[in-house]
Amino acid sequence: MLKKDGLLIHIGISNKPLRNDWFRRIGYHNSQYYAALPASAPRIFFPLYPKRFRQKCFSFHSPGSRKARLGLKLLEVMSRFGLIALLRQHGVIVAGQEELKDRKDTLCSWLGEVLSQKIENVAIYCGSDLARRKITLLAEAQNQGRVTVLVVKIADTSEGAAAIRQESEALQALEGARLFCEVPRLLLEDTWEGHAVQVQSALPLSTGPQIPELTVNHLKLLAALSRMHRQKILFRETPAWKTIEMAWKANEFEKWPSPSQNLLDNLLSEETGNVQLVCHHIHGDFAPWNIRVKKDKLYVFDWEESIPNGLPFSDAFHFIYRQASLVGPWPGGEVMWELLEKKFSQLAEMAEYPSMYENILPALMILEYLKRPHPHLIELMSVLLSKPNVQTS
C-alpha cells in the first residue's frame with residue numbers, strides 16, 4: 001500500500017530474507033518492521049527492534065481472556081530468547097523515501113517539539129471501533145540521556161475527543177489525591193492536525209496476572225474515591241437516571257425481556273426518582289484489565305468514563321459483573337447476588353454511607369444492559385426481583 005505522503009506499507013513480513021535491498025532499489029529506505037497482534041484481527045503494533053523495547057510492548061496491553069493472555073505470554077518468552085518467527089510472520093513493514101525519524105510532519109516529531117524530548121520508539125494500540133475510540137501509543141522518549149515512557153492518546157472522532165477531555169479532567173482532579181493507588185499524571189492536552197491529543201505518564205508495566213477478585217485493597221481504593229466530590233443528589237437528577245430516561249423516551253426498552261421491564265417501571269417512578277443519594281467520583285470502567293498490580297500496589301488507568309457525580313457502588317458492580325460475565329466463569333445469578341451483596345456491604349462500611357444498594361442496583365444493571373445486552377444480566381435481574389425488598393409496579 002503506497003501512501004500519498006511517501007510511505008510504503010507492506011503487510012506480512014514472513015520469514016524470508018529481509019526485503020531491505022528490494023525497498024532500497026525502488027527508492028524506499030529505512031524499513032521498519034512491526035509485529036501485529038493478534039494475527040486474526042491485529043489491534044496492537046510494535047517494532048521488532050530494538051529488543052529491549054519489544055519486550056516492554058508485551059506488557060502494554062493485557063487481553064481479557066485467559067487463552068489470549070497465555071498466547072501473549074508464550075510469545076513474550078519466545079521473544080526473550082530471540083525466537084520471533086511468529087511475530088515476523090504476521091508483521092507489517094513500513095518504508096519511507098526518507099529517514100522516518102527525520103520526517104517533520106509526523107505525530108512523533110510534533111510531540112518531540114512540544115515535550116522537548118526525542119521520541120525514539122512507539123507501539124500502537126487500536127482497541128476498538130466504537131465512536132469513543134482512541135488510538136493509544138506507548139512512546140519511549142529521550143532527553144539528555146534520560147529515557148522516559150509516555151502514554152499518548154489521539155482521537156479521530158468527536159466522541160473520542162470528548163473521552164480524552166473527560167479523562168484529562170479526571171486526571172487533573174485526581175492529582176494529589178490519596179487513593180491507595182497510583183494513577184497517571186496528565187502531561188499534555190492539545191490538538192495535532194485537528195485531532196485531540198493527550199499525553200500522560202506511563203504506569204509501571206507488569207506481566208503479572210490480572211487480579212479477578214475485588215480485594216480489600218480494591219475496596220480501600222473505592223472508599224477513598226467515594227470521598228471525592230461527595231454530594232447529595234436526587235436520583236432523578238443523576239447522570240445515570242437521565243441516561244436511562246433518555247433511552248426510555250427513545251423507546252429503546254420496548255423489546256427488552258420482562259425482568260428488565262419490571263425493574264424499569266419501578267426505577268422511573270416518581271417515588272424512586274425523589275430518593276436522595278450520596279453521589280461521588282467514580283472511575284466508570286473499573287475492571288481487572290484496567291488495573292495493574294505490582295508488589296501488592298494498585299496502578300489504575302483508563303479514566304475516560306470517570307465522572308464526579310456517579311452512583312455509589314458503580315465501580316464495585318462493574319468490576320464484579322464484568323469479570324464474571326466477560327471473562328468467566330459465570331457462577332449463576334444467585335451466587336452473583338450473594339457476592340454483590342457481600343462486597344457492597346463491605347464497601348458501604350468502609351465508605352461510611354448507607355447500605356442503599358437495593359435502589360441503586362437496578363439502575364446499574366439497566367445501564368450495563370444498555371451498553372452490553374447479555375442473558376447474564378437478565379438472570380441477575382430475575383434474582384433481584386425475587387428478593388422481598390424489591391418492589392415492582
Would you point out the residue of the range 137-163, among those that are of a type in the set (S, T, N, Q) and free of Cβ contacts under 8 Å to residues at least 24 places away in the same chain, that is surrounded by the most Cβ atoms within 10 Å (Cβ to Cβ)?
Ser158
From the list Ser314, Ser386, Ser345, which one is of a type in the set (S, T, N, Q), more than 17 Å from Trp256 (Cα to Cα) and modelled with pLDDT of 95 or more?
Ser314
Residue ID - farthest from Ala202 (Cα to Cα), chosen from residues in the range 105-135 that are within 15 Å of the chain's Cα centre (by Cα) and touching a residue at least 40 places away in the same chain (Cβ under 8 Å):
Arg132
Selection count where residues are within 20 Å of the chain's Cα centre (by Cα), charged (D, E, K, R) and closer than 16 Å to Ser382 by Cβ, scope the range 290-344:
0
Would you point out the residue of the range 323-341, among those that are without any contact (Cβ under 8 Å) to a residue 40 or more places away in the chain and either among the aromatic types (Phe, Trp, Tyr) or closer than 15 Å to Ser65 by Cα (or both), that is surrounded by the most Cβ atoms within 10 Å (Cβ to Cβ)?
Gly328
Scan Ala223, Ala202 and give me the residue that is of a type in the set (A, V, I, L, M) and over 16 Å from Phe319 (Cα atoms).
Ala202
What number of residues in the range 193-212 are at pLDDT 95 or above and surrounded by fewer than 17 Cβ atoms within 10 Å (Cβ to Cβ)?
1
Output the number of residues of the range 86-119 satisfying the condition of being at pLDDT 80 or above and among the acidic types (Asp, Glu).
1
Give the range 306-315 a look and list any residue that's touching a His at 6+ places or on another chain (Cβ under 8 Å), surrounded by 20 or more Cβ atoms within 10 Å (Cβ to Cβ) and not polar (S, T, N, Q), or say none.
Ile307, Gly310, Pro312, Asp315
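The values are calculated or read from the model by the stated rules, or taken from the named source; none is laboratory data. Nothing here was measured: the structure is a model prediction, and the numbers come from that model. Note that we place each Cβ from the backbone using ideal geometry, even for glycine, and neighbour counts take in every protein chain shown.
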